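J.: Sharing a structure, written as structure tokens. Questions coming.
The values are calculated or read from the model by the stated rules, or taken from the named source; none is laboratory data. Fair warning: this is a prediction, and the values are worked out from it, not measured in the lab. Methodologically, a virtual Cβ is constructed for each residue, glycine included, from the backbone with ideal geometry; neighbour enumeration extends over all protein chains shown.
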Amino acid sequence: MGSQMRLSGLISGMDTDSIISQLVSVRRVKVTKQIGNQTKLSWKQDIWKDLNKDLKSLQSAAQQMRFTSAYMKKTVKASNPNKVSVLAADGATDSVQSLKVDSLAKTAYLTGGVVSKTDGSDEKLTALSSLADIGITEDTSITLTDKNGNAVGDPIKLKAGGTISDVLTQLKKAGLNASFDETNQRFFISAKQSGKDYDFSFSGDSAAIEKLGLRVAGENETVTDSMATKIKGDDAVIYLNGAKFTNSNNTFNINGLTITALGKTEANEEITLTTENDTSGIYDSIKSFLKTYNSIINKLDKAYNADAAKGYNPLTDEEKEAMSEKEVEEYEKKIKDSLLRSDGTVSSIITALTSSTSAGYKVGEKTMYLSSFGIGTLGYFNAADNEKHALHIDGDVDDENTSGKDDKLLTMIKNDPDAVVSFFTQMSNDLYSSMSKLSSSVDGQRSFGSFFDDKKMKADYTSYTTKIAEMEEKVNDYEDRLYKQYAAMEKAMAKLQSKTNALSGLFGGGN
């Protein structure tokens, strides 16, 4: 539409703006309809994106449930959980074993003696205090040694002008934990790992070691405040079924068991470790899988069975202004909820999912179904709306519909876990294969991993944008043409009026 000022209807007296607006509005209806169609397509894309995420989650769950490892849950119980904690990996074998804890791992830990100032003052030392304050007035060094007395790393240099902080820095650099407690005036030094191999000691300038409070009292020596006490690093030792195992820490990984020693056993005490199938773990895996399945199948049913929204079209900006936010939200929800009503793609997915879960699978010499394990739908008349394909486990304490029934699945897991695993791996594999086909790539239609025609929808959206722009341009051209036509009419009428006035003047002048 032109940007020039329009002065129309001055001669004819006609409300040309109103007339043109009405004529143009007829053509704008088609543009508005296309804008509405594009808006609905955008909403449809968003709905499918959310559904696609859910479907991919189910596909991923089915992929995992195809393998026996998803079901081979193990549990292990210790007869004395105060002395040992045990976890079983999925591959651990069923067994009853005996365990003794001979010793626990220890971390080498040195508690330094009290360090004091040589001037006898009561002023406390800090990390920034000079080594000269404790009597180290000449450059010297001490050596960190390992469990065998061999030097570890570079000597720890003690400079007359250095500070306690400098000593801490070097100790940490050597691989120790070190701090100076200003309240108790002591060094606290420990290995970073437990075990005999990480034990340590100090050698070198004995006088400097004494002044730092790092001299450890001998076995028969009376410990005084200026002497250090030391816990030696040591390994943990356990006996499993009579076999000795040693480790630098208290956790052992042995044949699928993770054993953490918590305390030494008594002289004649043996702890019994019982490893067996974790029936609750297998049950929970199947229950979790069915929960994922039910969530998506219910959403698909709700979308497919939605009420029609006949006569509802996306609101224009003017229409929205005349409504409250809540009214707009409810109006648009009505449209959004109906967008996948009787949708062919939704129908295909529902069929694929229910076909896999209702099929029979060969287990040994028998063909078994979900019903063989006490799993099924509630039936057409008992199920809630849009939940007619949802699967329920008889005896599930969390399911108000079936909690009162006998738990056949749990019984089957306890009595014949192999049959349970065989059936569900086959069903999951079939479901995964079906979903993989549904989400395979189709040129010009869908991307790999998409359960809907994402490519086509994207192309259609772009096409709408182009088409709407073209239609808008045509409407604007039409509006400009009308204004030009009415302007020409006004101009013609103005000329006619001018001639008429001129003639009237001539005739009037003759009188």
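J.: It is to be established whether one or more residues within region 335-349 are aliphatic (A, V, I, L, M), more than 18 Å from D307 (Cα to Cα) and in the same structural domain as D418 (by TED's automatic domain parsing). Full working, then the answer.
T.: The first filter runs over region 335-349 and keeps only residues aliphatic (A, V, I, L, M), leaving 335, 339-340, 346, 349.
Retained after the next criterion (residues that are more than 18 Å from D307 (Cα to Cα)): 349.
Now drop any that are not in the same structural domain as D418 (by TED's automatic domain parsing), which leaves 349.
Yes: one or more hits.
J.: Taking K320, is it basic (K, R), over 17 Å from L58 (Cα atoms) and without any contact (Cβ under 8 Å) to a residue 12 or more places away in the chain? It would help to see each step written out before you state the result.
T.: Working: basic (K, R): yes; over 17 Å from L58 (Cα atoms): yes; without any contact (Cβ under 8 Å) to a residue 12 or more places away in the chain: yes.
In short, yes.
J.: Inspect region 406-419 for any residue being more than 30 Å from M457 (Cα to Cα), assigned by TED's automatic domain parsing to the domain that holds N294, assigned to a helix (DSSP H, G or I) and of a type in the set (D, E) and give the result as yes or no.
T.: As a first pass, look at region 406-419 and keep what is more than 30 Å from M457 (Cα to Cα): 406-419.
Now narrow it down to the ones that are assigned by TED's automatic domain parsing to the domain that holds N294: 406-419.
Of the ones still in play, those that are also assigned to a helix (DSSP H, G or I) are 408-415, 417-419.
Those left that are additionally of a type in the set (D, E): 418.
Yes, because at least one residue in region 406-419 is more than 30 Å from M457 (Cα to Cα), assigned by TED's automatic domain parsing to the domain that holds N294, assigned to a helix (DSSP H, G or I) and of a type in the set (D, E).
J.: Got a sec? Which of I259, I350 is touching a strand residue (DSSP E or B) at 6+ places or on another chain (Cβ under 8 Å), surrounded by 14 or more Cβ atoms within 10 Å (Cβ to Cβ) and in contact (Cβ under 8 Å) with a residue 40 or more places away in the chain? Spell out how you get there, then give the answer.
T.: Values: I350 fails: touching a strand residue (DSSP E or B) at 6+ places or on another chain (Cβ under 8 Å).
Exactly one residue qualifies, and that residue is I259.
J.: What residue, among those in region 445-476 that are farther than 14 Å from I35 by Cβ and small (G, A, S), is surrounded by the most Cβ atoms within 10 Å (Cβ to Cβ)?
T.: S450
J.: Let me ask something else about it. Taking region 220-247 on its own, how many of its residues are small (G, A, S) and at positive phi?
T.: Number satisfying all stated conditions: 1.
J.: Is it the case, given these coordinates, that T246 is surrounded by fewer than 17 Cβ atoms within 10 Å (Cβ to Cβ), closer than 20 Å to A105 by Cβ and touching a strand residue (DSSP E or B) at 6+ places or on another chain (Cβ under 8 Å)? If you could, list the steps in order and put the result at the bottom.
T.: Working: surrounded by fewer than 17 Cβ atoms within 10 Å (Cβ to Cβ): yes; closer than 20 Å to A105 by Cβ: yes; touching a strand residue (DSSP E or B) at 6+ places or on another chain (Cβ under 8 Å): yes.
The answer is yes for T246.
J.: Collect the residues in region 396-411 that are within 17 Å of L290 (Cα to Cα) and either among the charged types (D, E, K, R) or buried (at least 18 other Cβ atoms within 10 Å of the Cβ) (or both), keeping them in residue-number order. Before the answer, list the steps.
T.: In the first step, residues of region 396-411 are kept if they are within 17 Å of L290 (Cα to Cα); the result is 396-403, 407-410.
Result: D396, D398, D399, E400, T402, D407, K408, L409, L410.
J.: Given the criterion within 30 Å of Y198 (Cβ to Cβ) and in contact with a strand residue (DSSP E or B) (Cβ under 7 Å, 6 or more places away or on another chain), identify the matching residue among D94, D102. Break it down into steps so the answer makes sense when it comes.
T.: Details: D94 fails: within 30 Å of Y198 (Cβ to Cβ).
Testing whether each residue is within 30 Å of Y198 (Cβ to Cβ) and in contact with a strand residue (DSSP E or B) (Cβ under 7 Å, 6 or more places away or on another chain) leaves just D102.
Quick grid of which residues meet (1) among the polar types (S, T, N, Q); (2) touching a helix residue (DSSP H, G or I) at 6+ places or on another chain (Cβ under 8 Å); (3) in the same structural domain as Q63 (by TED's automatic domain parsing); (4) under 30 Å from S79 (Cα atoms):
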residue	(1), (2), (3), (4)
E270	no, no, no, yes
D284	no, no, yes, yes
L290	no, no, yes, no
S295	yes, yes, yes, no
N298	yes, no, yes, no
D301	no, yes, yes, no
G311	no, no, no, no
D317	no, no, no, no
M323	no, yes, no, no
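J.: If you don't mind, another one. Among (1) on the phi > 0 side of the Ramachandran plot; (2) touching a residue at least 24 places away in the same chain (Cβ under 8 Å); (3) not polar (S, T, N, Q), where does D278 come up short?
T.: (1)
J.: Could you list all residues from region 111-134 that are buried (at least 17 other Cβ atoms within 10 Å of the Cβ) and closer than 18 Å to A228 by Cβ?
T.: If the condition is that a residue be buried (at least 17 other Cβ atoms within 10 Å of the Cβ) and closer than 18 Å to A228 by Cβ, then T111, G112, G113, V115, S116, L125, L131, I134 are the ones that fit.
J.: Name the one entry in T163, T145, T169 that is touching a Leu at 6+ places or on another chain (Cβ under 6 Å), among the β-branched types (V, I, T) and modelled with pLDDT of 95 or more.
T.: Numbers: T145 fails: touching a Leu at 6+ places or on another chain (Cβ under 6 Å); T169 fails: touching a Leu at 6+ places or on another chain (Cβ under 6 Å).
T163 is the lone residue from the list that is touching a Leu at 6+ places or on another chain (Cβ under 6 Å), among the β-branched types (V, I, T) and modelled with pLDDT of 95 or more.
J.: Here's a follow-up. Mind checking which residues of region 90-103 are of a type in the set (A, V, I, L, M, F, W, C) and farther than 17 Å from V421 by Cβ? It would help to see each step written out before you state the result.
T.: From region 90-103, those of a type in the set (A, V, I, L, M, F, W, C) are 92, 96, 99, 101; that's our starting set.
Passing the criteria: V96, L99, V101.
J.: Do you know which of the residues in region 139-177 that are assigned to a loop (DSSP other than H, G, I, E, B) and free of Cβ contacts under 8 Å to residues at least 24 places away in the same chain is farthest from T118 (Cα to Cα)? Quick ask: steps written out before the conclusion?
T.: First, the residues of region 139-177 that are assigned to a loop (DSSP other than H, G, I, E, B): 139, 146-150, 152-155, 159-162, 174-175.
From the residues that got through so far, the ones that are free of Cβ contacts under 8 Å to residues at least 24 places away in the same chain too are 139, 148, 150, 153-154, 175.
Details: D139: 17, N148: 34, N150: 32, G153: 30, D154: 28, G175: 30 Å.
My answer is N148.
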